[in-house]
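Each remark here refers to the structure printed beneath this line.
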Amino acid sequence: MAGRGVTYSVKECFYTLQGEGAQTGRAAVFLRFVGCNLWSGLERDRADAVCKFCDTDFVGVDGEGGGKFADADALAAHVAARWGGASGKPYVVCTGGEPLLQLDAALIAALHACGFEVAVETNGTIEAPASLDWVCVSPKSTAQLRQLSGDELKLVFPQADAMPGKFAGLAFRHFFLQPMDGPQREANTAACIAYCLANPQWRLSLQTHKVTGMP
Ligand code: SF4
């Protein structure tokens, strides 16, 4: 899309440690895109949304390091300027909202040209470009899954319409259950632990950035 006059809209872009899943603890630039196809991001629409438990602000370009970018090279340079690591391969996690509404082959190529390993965290409703280095799919409720393979399937648990058995046969290297946050977090954590003990294909993923106070 870049090169055809389409801008990328970014909510925020910052350097931190990945807090969840198989890459927990790894230094990364988080690139959060504006917009999602399963919820508008507005509270008044939450009850009617496909995905109702979202705790992320992905509306507007007003976050730290947010903005509109005219093309892939401009956004890749912006991401590269935020990488703070002195050594090791630069790593960027493209997230949202739903990043695959905007993240395209041109931007992945531009990030690769800046030396980055490129990861995506997607709800799986849009097929991921093959040039990505790490694909994490997090299925949501009744939304139809189109990305059926990848590195990591990270399921927020429990979701009545998206229980683990539905995804256990898909072609992912890692399977994680992550307790749904909110008032039931403790009970959800206990339920995740019980499920992983009974079904060792699944591992527990905790949101360590919330424990440590990282962004
Ligand atoms: S799919 Fe992800 S970003 Fe979209 S509403 Fe659900 S949790 Fe939020």
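Any residue at all in the range 105-116 that is over 18 Å from Arg26 (Cβ atoms) and crowded, with 23+ Cβ neighbours inside 10 Å?
Checking the range 105-116: at least one residue is over 18 Å from Arg26 (Cβ atoms) and crowded, with 23+ Cβ neighbours inside 10 Å.
Answer yes if at least one residue in the range 182-189 is in a loop (DSSP other than H, G, I, E, B), within 18 Å of the chain's Cα centre (by Cα) and over 15 Å from Val135 (Cα atoms), and no otherwise.
Initially, the range 182-189 is screened for residues in a loop (DSSP other than H, G, I, E, B), giving 182-184.
Narrowing the set further to residues that are within 18 Å of the chain's Cα centre (by Cα) leaves none.
No, that holds for no residue.
Only residues that are out of contact with any strand residue (DSSP E or B) (no Cβ under 9 Å at 6 or more places or on another chain) and in contact (Cβ under 8 Å) with a residue 40 or more places away in the chain: list them for the range 7-58, please.
Within the range 7-58, Gly19, Cys36, Asn37, Leu38, Gly41, Val50, Cys51, Lys52, Asp55 meet the criteria.
From Thr122, Thr142, Thr208, grab the single residue that is among the hydroxyl-bearing types (Ser, Thr, Tyr), within 16 Å of the ligand (Cβ to nearest atom), out of contact with any Lys or Arg (no Cβ under 6 Å at 6 or more places or on another chain) and under 21 Å from Val93 (Cβ atoms).
Thr122
Does Pro99 satisfy the criteria of being within 18 Å of the chain's Cα centre (by Cα) and within 16 Å of the ligand (Cβ to nearest atom)?
Numbers: within 18 Å of the chain's Cα centre (by Cα): yes; within 16 Å of the ligand (Cβ to nearest atom): yes.
Answer is yes for this residue.
Do we have any residue at all in the range 153-165 that's of a type in the set (Lys, Arg) and within 16 Å of the ligand (Cβ to nearest atom)?
First pass over the range 153-165, keeping only residues of a type in the set (Lys, Arg): 154.
Now drop any that are not within 16 Å of the ligand (Cβ to nearest atom), which leaves 154.
Yes: the range 153-165 contains one or more residues that are of a type in the set (Lys, Arg) and within 16 Å of the ligand (Cβ to nearest atom).
Please tell me if Val92 is over 27 Å from Gly169 (Cβ atoms), more than 14 Å from the ligand (Cβ to nearest atom) and under 12 Å from the mean Cα position of the chain (by Cα).
Judged against the criteria, Val92 is a match.
Tell me, yes or no, whether the range 102-115 has at least one residue that is at pLDDT 95 or above and within 12 Å of the ligand (Cβ to nearest atom).
No, the range 102-115 has no match at all.
Quick test of your reading of the structure: Ala162 fulfils all but one of (1) within 26 Å of Gln201 (Cβ to Cβ); (2) touching a helix residue (DSSP H, G or I) at 6+ places or on another chain (Cβ under 6 Å). Name the failing condition by number.
Going through (1) within 26 Å of Gln201 (Cβ to Cβ); (2) touching a helix residue (DSSP H, G or I) at 6+ places or on another chain (Cβ under 6 Å) one by one, Ala162 breaks only (2).
Find the residue count for the range 142-164, including only residues that are open to solvent by 60 Å² or more (accessible area, probe 1.4 Å) and part of a helix (DSSP H, G or I). Walk me through it before giving the result.
Here is the first cut: in the range 142-164, the residues open to solvent by 60 Å² or more (accessible area, probe 1.4 Å) are 142, 144, 146, 148, 160-161, 163.
Subset that is part of a helix (DSSP H, G or I): none.
Of the residues in the range 142-164, 0 are open to solvent by 60 Å² or more (accessible area, probe 1.4 Å) and part of a helix (DSSP H, G or I).
Keeping to the range 31-65, report how many residues are away from the ligand (no atom under 13 Å from the Cβ) and surrounded by 14 or more Cβ atoms within 10 Å (Cβ to Cβ).
Count: 4.
The values are calculated or read from the model by the stated rules, or taken from the named source; none is laboratory data. Quick caveat: nothing in here was measured; it's all calculated off a predicted structure. When we count neighbours, we look across all protein chains shown, and the Cβ atoms used for this are built from the backbone with ideal geometry, even at glycine. Ligands, DNA and RNA are stripped out before the accessible areas are found, and what is left, the full protein with its side chains, is counted by its heavy atoms. Shrake-Rupley method; radii C 1.70, N 1.55, O 1.52, S 1.80 Å.
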